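Here the structure is laid out as structure tokens; the discussion comes afterwards.
The values are calculated or read from the model by the stated rules, or taken from the named source; none is laboratory data. Quick caveat: nothing in here was measured; it's all calculated off a predicted structure. Cβ atoms come from the backbone with ideal geometry, glycine included; neighbour counts cover every protein chain shown. The accessibility values were calculated without ligands, DNA or RNA, using every heavy atom of the protein model including side chains. Shrake-Rupley method; radii C 1.70, N 1.55, O 1.52, S 1.80 Å.
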Amino acid sequence: MPGDPGNFRPAGPNAPPLALTMGDPAGIGLEIALKAWNARADRGLWPFVIFADPDSLRRCARSLSLDVPVEVVPDPVHGSSVFHHALPVVPLELQAAEQAGSPDPSNGAATIVSIERATAAVVAGEASAIVTNPIAKSVLYQTGFAFPGHTEFLGALAGKYEPGRRFVPVMLLVSEALKVVPLTVHIPLASVPAALSKTLIFETVRTLWQALQQDFAIASPRIAVTGLNPHAGESGTMGREECTIIAPAIEALRAEGLAVTGPHPADTLFHESARQTYDAAVAMYHDQALIPVKTLAFDSGVNVTLGLPFVRTSPDHGTAFDIAGKGCASPESLIQALRLAAMMAARRSAARGGSNAISGVRVEHASS
């Protein structure tokens, strides 16, 4: 788990809830949302509202024998008072009834609308943060979805709401054992070397540094940076990117006063004793970052998007079509994503002077 931030309690009956998207309705998103609601009291969950098809949720609950009442609400604000006795849902309509494990591209539009409306609710102050259920990018591509994934789509949505401002979304994977950022994300491995730049390292590390201070209460963050090549390039004999890009960028960041080390060989950076030497790591590409965190915390890791004007978290797993509808999906990663979203929203609200009700939550142990 990404630490234990304590039990989150609303500061009042009108406190804005979290906005949860439905994800692909043929995946496990609906199931884990229902199970998370069932765990609301035991896990001290902040109220959340899901943007989804109410009939789909009811069908899922019936098929899995989950005792979860579903109640339609007109907007997230009304969800807080409903949450204690029913799962509040802002209604969306699917084009076709979902079939667990069999994604239907005709429902891709509703999946996208769920993300857009949840984001709009956060921007409008009707919700405190957005938590996204897993999507199947290959399915959305068939509908004309033009983004590599959630991270890039949310960056574009942020730009829509704040035109003229450039956002650089940064993916942070969070677990109790490890916080790690992939410098490059949804691109082919063969494209990684050309995508590396000092500017990308500067922007990513500075965004991570700020988040560790603001969202995780780490006053003096320590960040470790991997190399790209085996043995971090072995002094240039196994690749030159460390010499020409990564090491110079690290030196420049150190000159700014940031505690950044590297480039480290990636194969020796993630064992237990090495992880005690830093608060977060930056890896050069997707799998270099995600393999260690999913090995250490497959069922409880959380995906966080930094660099946005709102909080976004997500379970660190996919749609799991192979187990959808079987009742065996674990809600743990979603529960942790909900808890972490509430913690981050609380800290950001406090930094703004407690301008929204979520600042009334307890956040002890959140930086562990």
Under 8 Å between Cβ atoms, at least 6 apart or on separate chains: pull out the pairs that start in region 61-80 with a residue that is closer than 18 Å to ALA120 by Cα and end on any residue that is small (Gly, Ala, Ser) and open to solvent by less than 40 Å² (accessible area, probe 1.4 Å).
VAL73/GLY79; ASP75/ALA121; PRO76/ALA19; PRO76/ALA121; PRO76/ALA127; SER80/ALA15
So, in region 231-249, exactly how many residues are more than 12 Å from MET284 (Cβ to Cβ) and assigned to a helix (DSSP H, G or I)?
5
Is it the case, given these coordinates, that GLY233 is in contact with a Cys (Cβ under 7 Å, 6 or more places away or on another chain) and at pLDDT below 95?
yes
When you scan region 329-342, do you find a residue that is open to solvent by 40 Å² or more (accessible area, probe 1.4 Å), out of contact with any Phe, Trp or Tyr (no Cβ under 9 Å at 6 or more places or on another chain) and under 30 Å from PRO47 (Cα atoms), even just one?
yes
Reported set for region 283-299 where residues are under 16 Å from the mean Cα position of the chain (by Cα) and open to solvent by less than 20 Å² (accessible area, probe 1.4 Å) is ALA289, LEU290, VAL293, ALA297
Identify the residue in region 133-158 that is assigned to a helix (DSSP H, G or I) and small (Gly, Ala, Ser) and, among all such residues, is surrounded by the fewest Cβ atoms within 10 Å (Cβ to Cβ).
SER138
Odd one out for PHE202, checked against (1) open to solvent by less than 40 Å² (accessible area, probe 1.4 Å); (2) in contact (Cβ under 8 Å) with a residue 40 or more places away in the chain:
(1)
Report yes if VAL205 is more than 23 Å from SER333 (Cα to Cα) and in a loop (DSSP other than H, G, I, E, B), otherwise no.
no
Identity of the residue in region 260-282, open to solvent by 70 Å² or more (accessible area, probe 1.4 Å) and acidic (Asp, Glu), that ends up farthest from ALA194 (Cα to Cα):
GLU272
Candidates GLN210, GLN214, filtered to the one that is farther than 17 Å from TYR285 by Cα, open to solvent by 20 Å² or more (accessible area, probe 1.4 Å), of a type in the set (S, T, N, Q) and in contact with a helix residue (DSSP H, G or I) (Cβ under 7 Å, 6 or more places away or on another chain):
GLN214
